[in-house]
1. Give region 67-97 a look and list any residue that's surrounded by 15 or more Cβ atoms within 10 Å (Cβ to Cβ) and under 13 Å from Val23 (Cβ atoms), or say none.
Amino acid sequence: MWNYNYCIYITTNPGKTVLYIGVTNDLKRRLFEHYEKKGKPETFAGKYYCYHLVYYEHFISVDEAIKREKELKGWSRKKKEILIKTTNPNMDFVQLD
């Protein structure tokens with residue numbers, strides 16, 4: 001499989017009540033897409049306004065990124081929050097440069 005830049009990421013809504021986990025090869029573009037679809041019910045992230053980044057991990061293999069995404073999606077919300085807080089203790093919205 002090809003090796004490139006991949007990220008798994010976790011976004012949340014403005015009230016931090018919903019978490020969304022995804023995988024992408026362009027995190028800035030993907031966050032913009034989530035923002036553009038906010039409030040639109042055809043997607044989970046859009047329906048629940050999940051466009052604020054709170055956590056991400058970098059991978060060079062798409063297979064590893066997808067494997068990690070599936071792993072995190074199987075976790076409880078509490079376990080996801082513990083992971084996020086290892087690098088982002090207040091679950092602040094992360095701004096990418």
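1. Residues satisfying the conditions are Arg68, Glu69, Leu72.
One line per residue, one yes/no per condition, for (1) in contact (Cβ under 8 Å) with a residue 24 or more places away in the chain; (2) loosely packed, with under 13 Cβ neighbours inside 10 Å:
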| position | (1), (2) |
| --- | --- |
| Thr12 | yes, no |
| Val23 | yes, no |
| Phe32 | no, yes |
| Tyr35 | no, no |
| Thr43 | no, no |
| His52 | yes, no |
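Throughout, read-outs are computed from the coordinates displayed, never taken from laboratory work. A quick note: this is a predicted structure, and the numbers were derived from the prediction, not measured. As a convention, Cβ positions derive from the backbone with ideal geometry for all residues, glycine included, and neighbour counts pool all protein chains shown.
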